[in-house]
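Taking it in order: structure first as structure tokens, then the write-up.
The values are calculated or read from the model by the stated rules, or taken from the named source; none is laboratory data. No experiment lies behind these values; they were computed from the predicted model shown. Using ideal geometry, Cβ is built from the backbone for each residue, glycine included, and neighbour counts are taken over all protein chains shown. The accessibility values were calculated without ligands, DNA or RNA, using every heavy atom of the protein model including side chains. Shrake-Rupley method; radii C 1.70, N 1.55, O 1.52, S 1.80 Å.
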Amino acid sequence: MDFRRTPIPPQWQSAYEGFLRQVEKQLALIAGWLITVILVIYQVNPSQRGIYGNIHIIETLLRAPVLLVALFTLFVHYTKKPKVNPGLLLRVIALSVMGLSLSLFVVHALYSPDTLYQMSNVLMIGFFGVSILSVRGLEQWWMFFVIPLTLFFAALAIMGLEFKQLLPFLFDPLVMIFVGIVVSGSLSQLRRSEFLIRQQLKSLASTDQLTGLLNRHAIHISLKQMVARHARHGHPFSLILGDLDMFKRVNDNYGHYVGDEVLIETAQRLKNHVLAGDIVCRWGGEELLVLLPDTELDNALAVAEKLRVAVGGPAMTAGCILPSRTAATALKVSSWTFTLRWQQPPPKLFKR
């Protein structure tokens with residue numbers, strides 16, 4: 001089985017981290033409820049499991065921290081306070097479950113050997129559950145298993161418990177570790193594949209396939225966000241809407257392939273001359289739109305002139321030399337200001 005991870009493109013790393021956090025948040029909630037219910041069931045039915053006296057008291061003390069972790073996870077989820085990284089909660093849950101499972105096995109090995117088969121089942125359940133919680137794959141699996149198991153075997157040696165005598169009870173749980181490796185690696189790869197498919201579909205839906213710029217649908221979303229940001233905080237923004245002069249003549253004289261190359265070169269020049277937070281969009285045909293956050297009208301006019309010079313300056317080469325005037329732009333600028341006459345839905349901005 002191939003566990004090589006599908007690489008995540010650098011531009012999607014931030015989105016992938018957010019995707020993993022959402023998965024961790026959901027798993028932490030599910031784990032919190034499952035642990036709470038299971039521990040309560042085990043705690044109120046000791047006689048049915050053949051557990052009496054001091055063993056039951058020790059089990060109660062061992063379960064208490066894990067139950068508190070589960071209840072704290074549920075509290076954080078439903079109250080949103082305090083703000084805790086869901087990945088951190090998931091790691092604490094996984095390590096606490098491992099600690100509880102291994103500690104119970106040691107206690108029963110010392111004081112109640114007759115119930116070791118029952119503890120063997122507890123280990124298998126714990127190991128499999130922790131494998132599911134390994135959202136980030138094998139690198140996280142090592143943290144969840146290697147450290148607790150190292151401490152476990154050290155405790156067996158210190159307490160004089162012979163591994164050979166315990167092996168019949170540990171064999172199935174150790175096999176479950178191998179199963180956990182397979183499950184953890186497979187689930188991690190499935191999540192990566194799911195994320196990549198989602199991002200590719202999202203990119204196809206929001207990107208103009210010729211120029212690589214955002215399309216009209218995507219810019220409407222960004223524009224609505226800018227309008228909401230202005231309404232809430234008063235931050236201005238500006239729009240630059242331009243088209244290529246005599247573009248039809250390019251298509252007629254040189255063919256549509258050359259026309260496409262001109263659009264691609266124009267898009268690249270625009271992207272090279274805007275700031276990182278600015279958004280360039282293909283509005284339609286040879287029309288291009290630039291969204292400038294936190295930009296007043298005077299500054300937007302200066303940016304528009306800079307872009308006009310950048311696009312209409314050097315001649316464009318697309319299988320042949322095109323006259324520089326062919327790439328000249330006719331630019332219009334609209335700016336979202338503080339006056340009430342601009343308080344209108346985003347589509348109406350382009351009708352002015």
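Using the heavy atoms of the protein chains alone and a 1.4 angstrom probe, what is the accessible area of the chain per residue in square angstrom?
Details: 19360 Å² over 352 residues.
For the chain, the solvent-accessible area averages 55 Å² per residue.
I want to verify the translational diffusion coefficient of the chain in µm²/s; compute it with Stokes-Einstein, Rh as the Kirkwood radius over Cα pairs, at 37 °C and 0.692 mPa s.
Details: Rh = 25.5 Å.
Rounded to a whole number, D works out at 129 µm²/s.
How high is the FRET efficiency between Ser186 and Lys306 when r is their beta carbon distance and R₀ equals 45 Å, given to the nearest 0.05?
Numbers: r = 52 Å, r/R0 = 1.15.
For R0 = 45 Å, the calculated efficiency reads 0.30.
Could you check the spin-label model distance between Arg5 and Leu74? Points 7 Å from the Cα along Cα→Cβ, value in nm.
3.3 nm
State which entries of Lys25/Lys83; Lys80/Lys202; Lys271/Lys306 exceed 18 angstrom in Cα-Cα distance in the structure shown.
Values: Lys25/Lys83 12 Å; Lys80/Lys202 29 Å; Lys271/Lys306 12 Å.
Those over the limit are Lys80/Lys202.
D for the range 131-206, whole µm²/s, Stokes-Einstein with Kirkwood Rh over alpha-carbon pairs at 10 °C and 1.306 mPa s: what number? It would help to have the intermediate numbers written out before the result.
Working: Rh = 14.8 Å.
Translational diffusion coefficient: 107 µm²/s.
In nm, to one decimal, how far is the Gln22 label point from the Leu34 one, both placed 7 Å along Cα→Cβ?
2.1 nm
I'd like the per residue volume of the convex hull spanned by the Cα atoms of the range 216-297, given in cubic angstrom. Spell out each step's value before the answer.
On the way: hull volume 7.3 nm³, N = 82.
With only Cα atoms used, the range 216-297 gives 89 Å³ per residue.
Which value at 222 nm does the chain reach when only helices count, each DSSP H run of 4 or more adding -39,500 (n - 2.57), with the total divided by all residues and rounded to the nearest 500 deg cm²/dmol?
Details: 10 runs with 226 residues, N = 352.
Rounded to the nearest 500, it is -22500 deg cm²/dmol.
In the chain, which longest range has no chymotrypsin sites (Phe, Trp or Tyr not before Pro) that are both DSSP loop (not H, G, I, E or B) and surrounded by at most 14 other Cβ atoms within 10 Å?
On the way: sites that count: Phe3, Tyr52, Phe338.
No qualifying site falls inside 53-337, the longest such stretch.
Output ³J(HN,Hα) for the range 92-101: one whole-Hz value per residue in order, computed from phi by the Karplus curve 6.51 cos²θ - 1.76 cosθ + 1.60 with θ = phi - 60°, and x for Gly and Pro.
Going residue by residue, I get 5, 4, 4, 5, 5, 5, 4, x, 5, 4 Hz, with x marking Gly and Pro.
Bins of 5 Å, beginning at zero and ending with the bin holding the largest distance: percent of Cα pairs per bin for the range 53-101, please.
Distribution as computed: 4, 21, 26, 20, 13, 9, 5, 2, 0 percent.
Quick check: from the Cα gyration tensor, does the range 184-227 come out rounded (a/c under 1.5), prolate or oblate? Don't jump to the answer; show the numbers that get you there.
Details: a/c = 5.33, a/b = 2.17, b/c = 2.45.
Since a/c reaches 1.5 but b/c is at least a/b, the shape of the range 184-227 is classed as oblate.
Using Cα pairs closer than 8 Å and at least 6 residues apart in sequence, work out the relative contact order for the chain, in percent.
Numbers: 384 pairs, mean separation 49.6, N = 352.
Reported as a whole number, the value is 14 percent.
Leaving out ligands, DNA and RNA, and with a 1.4 Å probe, what % of the accessible surface on the chain is carbon or sulfur? Please list the in-between numbers first.
On the way: 12300 of 19360 Å².
The nonpolar share, carbon plus sulfur, comes to 64 percent.
Over all directions, what mean area does the Cα convex hull of the range 60-191 project, stated in square nanometres?
8.6 nm²
Based on the Cβ-Cβ distance from Asn299 to Arg229, what FRET efficiency comes out when R0 is 25 Å, to the nearest 0.05? Don't skip to the end; give the middle numbers.
Details: r = 17 Å, r/R0 = 0.69.
In this case the efficiency is close to 0.90.
Explain nothing, just compute: Karplus ³J(HN,Hα) = 6.51 cos²θ - 1.76 cosθ + 1.60, θ = phi - 60°, for every residue of the range 63-69 in order, whole Hz, x for Gly and Pro.
The phi angles translate into 6, 4, x, 5, 5, 5, 4 Hz.
Ile125 versus His217, label points 7 Å from Cα toward the beta carbon: distance in nm?
4.7 nm
Roughly what angle does helix 256-272 make with the longest principal axis of the chain, taking Cα atoms, 0 to 90 degrees, to the nearest 10?
Roughly 70 degrees between the two axes.
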